[in-house]
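Novice: So that we are looking at the same thing, I have put the structure below in C-alpha cells.
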Amino acid sequence: MKRIGIINCFEVSKKCTASGCFKAFHARTGAFDRYQGEEAEIISFVHCNGCGPDALENVMEKARRMKEKGVDVIHLSTCTRSRCPMYAAFMEALGYQTEVEGFTHAKKKP
Ligand code: SF4
C-alpha cells in the first residue's frame with residue numbers, strides 16, 4: 001500500500017476545493033496513473049504555508065512531519081507547479097528527503 005501526501009499552494013487553497021486532485025487520484029490519472037493496479041491512499045493533504053523567505057523551510061518541515069506519519073510519496077500539486085517561483089527549489093530539496101512527484105491532476109488548460 002502506497003501512502004501519499006500532497007502539498008498544494010496556499011494562495012490557491014484559499015479558493016480550491018482540492019476536488020481536482022482527489023478526482024484524479026480516484027481515476028488514477030495525471031501523476032496518479034503510476035498507481036494503477038496498486039493499492040494506494042492519500043493520508044495527508046496540506047498547503048505550503050504561503051510565500052515568503054521561509055517558504056522552503058516550511059515545505060521541508062511539512063514533508064518531515066508527513067514522513068513521520070508514514071507518507072511514502074509526496075506530490076507537489078499541479079497548481080504549485082504552474083504558479084510557484086519556488087517550485088524547482090521545492091522539488092530539489094524534497095528529492096533529497098523523499099520520493100517526490102511534481103504534480104497531481106493533469107493540467108486542465110493546455
Ligand atoms: S510559495 Fe509557491 S506554492 Fe506556496 S503560496 Fe507561494 S506561490 Fe503558492
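Novice: Take the cross-link list 23/67; 14/62; 15/67; 14/69; 15/69 and give me the ones stretching past 22 Å between alpha-carbons.
Specialist: 23/67; 15/67; 14/69; 15/69
Novice: May I ask you to order 96-104, 3-11 by the average number of other C-beta atoms within 10 Å around their residues, highest value first?
Specialist: 3-11, 96-104
Novice: A further question on this structure: Roughly speaking, to the nearest percent, how much of the chain's 1.4 Å accessible area is carbon and sulfur?
Specialist: Result for the chain: 52 percent of the exposed heavy-atom area is carbon or sulfur.
Novice: All other residues with a Cβ under 13 Å from the Cβ of residue 40 taken together, and with Lys, Arg as +1 and Asp, Glu as -1, what is their net charge?
Specialist: -3
Novice: Would you tally the net charge around residue 28, using a Cβ to Cβ cut-off of less than 10 Å, leaving residue 28 out, and scoring K and R as +1, D and E as -1?
Specialist: Within the 10 Å Cβ shell, the charges total -1.
Novice: Could you give me the radius of gyration and the Dmax of the chain, taking only the C-alpha atoms into account and expressing both in angstrom?
Specialist: Rg then Dmax for the chain, in Å: 12.9, 41.
Novice: Which net charge results when you count Lys and Arg as +1 and Asp and Glu as -1 among the other residues whose beta-carbon is under 12 Å from that of residue 12?
Specialist: +3
Novice: Also, quick follow-up: Semi-axes, largest first, in whole Å: what does sqrt of 5 times each Cα gyration tensor eigenvalue give for the range 27-89?
Specialist: Each semi-axis is √(5λ); the values are 23, 16, 8 Å.
Novice: Give the separation of the Cα centroids, the range 1-59 to the range 63-110, in Å.
Specialist: Comparing the Cα centres of the range 1-59 and the range 63-110, I get a distance of 8 Å.
The values are calculated or read from the model by the stated rules, or taken from the named source; none is laboratory data. Model, not experiment: these values are computed from the prediction. Backbone-built Cβ (ideal geometry, glycine too); neighbour counts: all protein chains shown. The area values use the complete protein model at the heavy-atom level, side chains included, leaving out ligands, DNA and RNA. Shrake-Rupley method; radii C 1.70, N 1.55, O 1.52, S 1.80 Å.
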